[in-house]
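The structure under discussion appears below in the form of structure tokens.
The values are calculated or read from the model by the stated rules, or taken from the named source; none is laboratory data. Everything quoted here is computed from the prediction, not taken from an experiment. FYI the Cβ positions are ideal-geometry reconstructions off the backbone, even for glycines, and counts take in every protein chain you see. Heavy atoms of the whole protein, side chains included, go into the accessibility calculation; ligands, DNA and RNA do not. Shrake-Rupley method; radii C 1.70, N 1.55, O 1.52, S 1.80 Å.
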Amino acid sequence: MRRIFNHFHPLNKLQRERERYLSTHQVPDNIRVLLEAPLPDLDDDIYSLDYLSLDFETSGFNPKTDSLLSVGYLPLINQQLLLSEAVETLIHTAKNVKAETAVINHIVPEMLEKGEAWNVVLDAMLTEAVGKVLIVHGSIVEKRFLNHYMAKRYKLPPLPLLWVDTLQMEKSLHIYKDNNGTDDFRLGSVRERHHLPEYSAHGALVDSLATGELYLALLKQHFEGADSSVRHMKFDYTRPL
Amino acid sequence: MPQTLIPNIHDFLATIDPFDKLPKELQRKIACCIKITYLAKGEQIQFGGEHELRYLYVVRTGSMEQRKHNGMLRAKLGSEDLFGFTFLSEQKESQEDYTAVALENTLLYLVPHSDLLNLLEEYPDFAEHFASNVQVRLHSALDVVWSDSEKGIFVKKVSEVASDKIVVADSSTPIRQVAEQIMAVCSPTAVITENGQIVGLVTDRDMTKRVIVAGLDYCRPVKEIMTPNPLTVAPNDLVLKASSIMMQNNVRSLPVVEGNNVLGVLTTTHLVRNNRIQAVFLIEKIKYAKTVADLSKLTPERQAIFEALVEGKVSGDIIGHVMTLIMDAYNRRLLQIAEEHFGKPPCEFAWIVAGSHARNEVHMLSDQDNAIILADNATAADRIYFQGLAMWVCNALDACAYPLCSGKFMAVNPKWCMPLKVWKASYSKWVANPEYDSLLNATVFLETRWLYGNESFNKELQDHLFSSIKSSHVFLSSMVRDSVSVSPPLGIFNSLVLEKSGENSKTLNIKKFALSLLVDLARIYGLSSGSEKAETMARFEHAHENNLLSEDMLKNVQGAFQFITQVRLSHQFTALKEGRVADNHIDPNAFGSFERKHLKDAFRIIADLQEYTKLKFNRQ
């Protein structure tokens, strides 16, 4: 199947980046499979893509000093979030978890003792991510921790993955609508604006589900009655600092 | 599914019907196979080509509507509503096809059909809650209401109350020997059999009345004094049903029989001992009341009985029947007292009741609908007598909390106190000119029941009505036109629709928009099939026996009628309990998802029946 590439489309750039990554680095098999999986075609329907909605719970923003506490994700296939495939795992960590983070995500150190090693958890997630677009709400934390993981475990630079960020999508909707500029883009608040139900508990999986639902709502609003081919989708290509 | 999703998905499912009837473990397993999707406003669900997976859909937020392929609205659905049952059926019929469209942005939970089937195989007891067939679903709803509720005092089974002491004797046994057995067993009753078949009944009173007083030889076979073809009850019948049989037939004991096995006997003594049946006592008290003041003091007792019946989740038709028996007793007693006041009637007459009273469907809101049929030879002076009598009785009924009829369909109105020939002429005129005449205001008189006086007058009038209808081609179709002009509220639970529908839109008038529609349809079927019974269900059954209504349709309608009746009665009950005046206006927000779902099923059945009736009677 020959794609009609627009050479300057960011997706095309991402594809070249992936090829360069594979040719310049020693890459283990699981990462090779991930990067060799074809990216969406520009003429594909955005609704027909496979997604993985994911969320990391961490003790802070800095992977060097803070810990990854849990990872939650579930696939979004054919516009359906599949609860039967949902995964949430706590991560065993050596670092001391700050007490105040436990208040937010209800993860206390005792729970983490039963958690799994981060390489097991994140490799499983990367396997699940093969051929899928990653959905997050505010991608900075997930990207930073994933980059940190690649560097620590594989001595590799950040992975050229394809992301969508519901926080950015919501922001741009607000700009287009010339809205009376809200600055509350927290997941719960955005969902409320889109009349999605309030999910009481916090956690990596609940948030990834909440994000997946929000993504569908945003997509439908964004492409309402318009051409929903991948060419017109604004993916998230930003690099975290 | 990991633990953290449980509070959000599982708890939601656990609150809505029918998932709330399932064990926690099964709820969790179902939650685990859910798929979640989101529909933008206007988006349509693509239902099944052969290869499409089928689902049970649960609306999480938003609203949807279902339409049939001919564009007719099937249902409106809001948060917590389920749909897709029809698609769970293996043999789905094309006429049941519908489309579902999102009216707002809607978050939907999808339970895959195949997963659900597998799970229900593990838990077969719960399969009925997910039946694709609306009858089974409504039936299981009624079951749940009854079995889950605390057993009310009226719903004990006959077997729990009856005595197992009973004499069974062959019909050739000498009277004396049966009397000895009755004494030995301490049973007031003997069941008489012939070749193992129950053929009669003898009570100790019969011994006194038919043997001693009549001076009969004790050696004669008992056959000669038995009451043949006795009424019986089954051990699983409700005590209440038994008592209503006793009241209607004025008998004091009923053998408890299963097949041809005599298990025991239920007597009024048992009822007294078990203090179950206040209705029996109330009727006794009414019989012996001397004045209107005495009778009016009994109103609280009547209300207590009504509350106990509803609280006991006794089925609506039994409640209607018991309340009718009580109302009959009041009305009869008042007529007797009136005759004492006004002197003997100067000519023959019949006091008839109409509307819900005639249909044996009395409840706590029922007002009085009655009329007098006079003999054709009634003089002007006679009419003055009956005017006075009717005035007195109607006011007395009002004093006993059977309010005067707002439509003035009462014997006190000279229009409804007429000689038989005038009644007949009026019926002829109505039937011939349904469009022009006040027939539609007088539908209440399309069902009448004799209560007092000369019974044959009412019979003659009924026969005249049936034959007039038979010879008219316009009458039934104009009734149909009128009755389908109001549609059941397929969308009452959708706030958008509620706001649109204008005044009083915040509440559902369950009488106007549901019960009356069925009563009207039943009347059409009853009149066209010549049903002598006027009960709504009896009319539908009669129509079915005469091939006017399919078995399937009949069962659907039965379920719908029972459920709606129950909802209405519960609503009245709640109001009475809270010391308010009972009415027919129900706030849709007061419904749980359980009632909502089943009411929707019921409304849909009414809409279907209306459509079917329209086609059927227009063609004729």
Exercise for the section: Scan (1) more than 14 Å from every other protein chain (Cβ to nearest Cβ); (2) touching a Ser or Thr at 6+ places or on another chain (Cβ under 9 Å) for the single condition A:Arg193 breaks and write down its number. Expected result: (1)
Exercise for the section: Report, ordered by the first and then the second residue, all pairs with beta carbons closer than 6 Å, sequence separation of six or more or different chains, a first member in region B:392-404 that is under 19 Å from B:Leu576 (Cβ atoms), and a second member that is small (Gly, Ala, Ser). Expected result: B:Cys400/B:Ser296
Exercise for the section: Inspect region A:28-37 for any residue being within 24 Å of A:Lys152 (Cβ to Cβ), open to solvent by less than 60 Å² (accessible area, probe 1.4 Å) and in contact with a Pro (Cβ under 6 Å, 6 or more places away or on another chain) and give the result as yes or no. Expected result: no
Problem - Which numbered condition B:Glu284 misses (of (1) in contact (Cβ under 8 Å) with a residue 24 or more places away in the chain; (2) surrounded by fewer than 24 Cβ atoms within 10 Å (Cβ to Cβ); (3) over 21 Å from B:Ala582 (Cα atoms); (4) of a type outside the set (Lys, Arg)) - result: (1)
Exercise for the section: Check off (1) within 12 Å of the chain's Cα centre (by Cα); (2) modelled with pLDDT of 95 or more; (3) away from chain B (no Cβ under 13 Å) for A:Thr127 and give me the number that stays unchecked. Expected result: (1)
Handout entry: Criterion violated by B:Gln462 - all others in (1) touching a helix residue (DSSP H, G or I) at 6+ places or on another chain (Cβ under 6 Å); (2) over 22 Å from B:Met364 (Cα atoms) satisfied
Key = (1)
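Matching residues to (1) within 24 Å of A:Asp227 (Cα to Cα); (2) polar (S, T, N, Q); (3) buried (at least 21 other Cβ atoms within 10 Å of the Cβ):
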position	(1), (2), (3)
A:Pro10	yes, no, no
A:His25	no, no, no
A:Asp55	no, no, yes
A:Leu68	no, no, yes
Exercise for the section: Please determine, by comparing only the residues of region B:157-202 that are open to solvent by less than 30 Å² (accessible area, probe 1.4 Å) and assigned to a loop (DSSP other than H, G, I, E, B), which one is nearest to B:Lys223 (Cα to Cα). Expected result: B:Ser171
Exercise for the section: Hey, could you check region A:196-241 for residues that are open to solvent by less than 70 Å² (accessible area, probe 1.4 Å), polar (S, T, N, Q) and under 15 Å from the mean Cα position of the chain (by Cα) and say which is nearest to the other protein chains (Cβ to nearest Cβ)? Expected result: A:Ser208
Fill in the blank from the handout: Taking region A:121-142 and keeping only residues that are open to solvent by 10 Å² or more (accessible area, probe 1.4 Å) and not aliphatic (A, V, I, L, M), one is left with A:Asp123, A:Thr127, A:Glu128, A:Gly131, A:Lys132, A:His137, A:Gly138
Exercise for the section: Report yes if B:Asn360 is under 24 Å from B:Val422 (Cβ atoms), within 28 Å of the chain's Cα centre (by Cα) and open to solvent by less than 40 Å² (accessible area, probe 1.4 Å), otherwise no. Expected result: no
Fill in the blank from the handout: Checking B:Asp583, B:Asp608, B:Asp601 in turn, the sole residue that is in the same structural domain as B:Pro489 (by TED's automatic domain parsing), of a type in the set (D, E, K, R) and open to solvent by 50 Å² or more (accessible area, probe 1.4 Å) turns out to be B:Asp583
Practice task
Please work out if B:Leu549 is under 18 Å from B:Arg604 (Cβ atoms), surrounded by 21 or more Cβ atoms within 10 Å (Cβ to Cβ) and touching a residue at least 12 places away in the same chain (Cβ under 8 Å).
Solution key: yes
Practice task
Inspect region B:318-341 for any residue being β-branched (Val, Ile, Thr) and either in contact with a Phe, Trp or Tyr (Cβ under 6 Å, 6 or more places away or on another chain) or open to solvent by 10 Å² or more (accessible area, probe 1.4 Å) (or both) and give the result as yes or no.
Solution key: yes
Exercise for the section: Only residues that are in contact with a helix residue (DSSP H, G or I) (Cβ under 7 Å, 6 or more places away or on another chain) and among the charged types (D, E, K, R): list them for region A:118-161, please. Expected result: A:Asp123, A:Arg153
Practice task
Could you identify the single residue in B:Pro235, B:Pro255 that is in contact with a Ser or Thr (Cβ under 9 Å, 6 or more places away or on another chain), under 30 Å from B:Ser315 (Cα atoms) and assigned to a strand (DSSP E or B)?
Solution key: B:Pro255
Handout entry: Residue check, B:Leu397 in the same structural domain as B:Ile352 (by TED's automatic domain parsing) and either open to solvent by less than 50 Å² (accessible area, probe 1.4 Å) or modelled with pLDDT of 95 or more (or both)
Key = yes
Problem - Filter result for A:Val87 (open to solvent by 10 Å² or more (accessible area, probe 1.4 Å), under 13 Å from A:Ala129 (Cβ atoms) and under 16 Å from the mean Cα position of the chain (by Cα)) - result: yes
